[in-house]
Every structure is written in structure tokens, then in C-alpha cells.
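Notes follow the structure.
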Amino acid sequence: MQIYRDIEEFPCLECPIVTIGTFDGVHLGHQKILKRLKDIANQANGEVLLLTFYPHPRKVLFPEQNDLQLLSTLDEKVKLLSNYGVQHLVIHPFTKDFSQMEHNDFIKEVLVKKLGVQTLVIGYDHQFGHNRKGSFKELAQLAPNYGFNLEEIPEQDIDEVAISSTRIRKALLKGDVKDAAALLGYDYQITGKVVEGKQLGRTLGFPTANLLPFDKDKLVPAMGVYAVLVEVLGATFKGVLSIGNRPTFDNGERSIEVNIFDFDAVIYNEPITLTFKEYLRGDLKFSSAAELVLQMNKDKAKSLELLSKIDV
């Protein structure tokens, strides 16, 4: 996949088959759009092109809001799009000035002049341009004038899999990582670096690696305990993850701590990726450290049972 960090970097293609959007999470609904692009490209001897934006438009349009929760970081999105057949990815800087472009100017200056669109495929109810005034209706009126084909993925086609980023976020915020995975088409992940913690787990016989997500806007699932896979130092391990505020001890800030099975290396500042497999229980307060250790042993045994069929 070729990546361009600005529309101005994009070269001329003979037959670009184009779609536009943030594609956060690249979930099954997005994948349906991408499959259609690939089918058209194969038929027309064209190439699949996706135009997306960075930073996320909400961060520019509503800078006072701090509640953005992304399903995928930019790096994760790039990897996913590559996996699902995108050949050319334009990541255009989203600025206040760019957001002011009228929809008809966007069609003429960006889609036609810069990208040379031959066929444009969009999801139903797609809106674009200043104040999101552009829609399929405006595209349908202008497409013949500019000589490109237009296709909208019908609402019923997307609804067949009942996919929306909102539904996935709601599932994750309830801890339902299995439902989220079913809607995404893959297991949810968080990547970050290992930072120093309070080392409470070590004193209890369960040393943990504390993860600080690389992107502060990345959605962290509900507080609780999860069976996870852990990628670190070029290998994959099984583990049990706790997201919580340590209610048994200090009820402090939220921490993301993973006990990696059969692992004892020092990994401070190393990148680490957690793959969520199953929710085990909520973040509970125990009457004593001994009671907590008893439960942690049960959590580990349950995780090992759930992960036993996975070869790592």
C-alpha cells in the first residue's frame, strides 16, 4: 500500500476507485465498502484509493471536547486498511481552513482535480464539506458533469451486519469485547509502552506490566479483568489484564496492568500490545490482600482455560 501524507503528494492514476471517510476501527461495515471498491477496481482494471484525515475532524472542529474515543489509532488504521485491500491511502491534514471548503468545491478541487476519481463509492448517508452539506444527492447531480461514476452502498446492505462505530464503542464500554470483536471482524487491541507502576502486583506474587496507551484518545474498555494475549519483545504470550483503580488498596487513578504468564523479563519502555479475548469480571474491592490474591489465582486459572486452545 502506498501512503501519502497530503493530497498534494498524490500522483496521477489512470483509474482510481475512491472512497472517503475516517474509517475508525475499519469494522465490518467499512470492510463491506472496501470489498465493493476492490470488485469495481478488478472489473475496471483500476486501483483502490481511500482518502482519510488526520487528526480526527472532531479534534479540530470541537477542540474544547475531550471525550473522543477512537477504536483505532492512525497506525492501527493504516495496518487494517492495508489488510483489506487499499492500494493507495491519502492521509490529508484536517485543518480549520480545510473544514471550511464547500461541498461543491471539495468535489471539483479534491475529488476531480487532485484525485482524478473515476468511480466514487460511499456508504449510505455519507456527508461531507462545510457544515456537512454535501450528500449523495449533490454528488449524483455533479458526477455526470465531471465524468465520474458514483455508487452508494445501500442502507440495507450495511444493516445486514448491523454495524456502527457507536455500537462497538458501547460494547467495549460495557466490557463486552466478544460482541465488539464480532462487529469489528477482529479482536480489539490496545498498544502502548510499559511504564513503572506501584509494583503492588509483585508484592502479591503477581508481577504486572503497566501499559500507557500511545494515543490518549484510544478507547479503553470498561474497568474489569480480561483474558488477553500479549505481544512484547517480538513474541506473543497469554495473560490476565486488570483495568481499574485498585479499589482494595488506594482507589487511585485508572491503571492498565497485565500479568504475563511464563514471563519474567524487564520491559520498561518497551512497546506492548494487548489483544482482548474475554471479559472475566468487574473491578471489585476485596476485604483483604489475601482475599484479592485468592481471586487473582482464580482469574489466572480462568484465563488459562479460556486461552488454552490458542497456540502462541
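The values are calculated or read from the model by the stated rules, or taken from the named source; none is laboratory data. This one's a predicted model, so the numbers in the text were calculated from it and none came from an experiment. Cβ coordinates were reconstructed from backbone atoms using ideal geometry, including for glycine residues, and neighbour counts include every protein chain displayed.
A few points about this structure:
- Of 7, 40, 3, 17, all but one fail to be of a type in the set (A, V, I, L, M) and under 19 Å from the mean Cα position of the chain (by Cα); the exception is 3.
- You will find that of 18, 48, 26, the residue that is out of contact with any strand residue (DSSP E or B) (no Cβ under 9 Å at 6 or more places or on another chain), touching a residue at least 40 places away in the same chain (Cβ under 8 Å) and surrounded by 18 or more Cβ atoms within 10 Å (Cβ to Cβ) is 26 and no other.
- Within region 67-94, the only residue that satisfies the criterion of being at pLDDT 95 or above, over 16 Å from residue 168 (Cα atoms) and among the small types (Gly, Ala, Ser) is 82.
One line per residue, one yes/no per condition, for (1) more than 23 Å from residue 309 (Cα to Cα); (2) part of a strand (DSSP E or B); (3) aromatic (Phe, Trp, Tyr):
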position: 186; (1), (2), (3): no, no, yes
position: 191; (1), (2), (3): yes, yes, no
position: 210; (1), (2), (3): yes, yes, no
position: 225; (1), (2), (3): no, yes, no
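- In region 268-312, the residues that are at pLDDT 95 or above and among the hydroxyl-bearing types (Ser, Thr, Tyr): 273, 275, 279, 303
- Selected residue [assigned to a helix (DSSP H, G or I) and either within 24 Å of residue 218 (Cα to Cα) or in the same structural domain as residue 123 (by TED's automatic domain parsing) (or both)] from 64, 14, 8: 8
- Residue that is surrounded by the fewest Cβ atoms within 10 Å (Cβ to Cβ) [pool: residues in region 130-155 that are over 24 Å from the mean Cα position of the chain (by Cα) and modelled with pLDDT under 70]: 131
- Check on residue 239, under 28 Å from the mean Cα position of the chain (by Cα), free of Cβ contacts under 8 Å to residues at least 24 places away in the same chain and not in a helix (DSSP H, G or I): no
- Residues that are polar (S, T, N, Q) and closer than 17 Å to residue 76 by Cα, drawn from region 181-240: 189, 191
- Residue in region 164-171 that is among the basic types (Lys, Arg), at pLDDT below 95, touching a helix residue (DSSP H, G or I) at 6+ places or on another chain (Cβ under 8 Å) and within 27 Å of residue 81 (Cβ to Cβ) present: yes
- Top-ranked residue of region 296-312 - restricted to ones that are surrounded by fewer than 16 Cβ atoms within 10 Å (Cβ to Cβ) and of a type in the set (S, T, N, Q), ranked as nearest to residue 246 (Cα to Cα): 297
- Residue check, residue 262 over 25 Å from residue 182 (Cα atoms) and either modelled with pLDDT of 95 or more or surrounded by fewer than 11 Cβ atoms within 10 Å (Cβ to Cβ) (or both): yes
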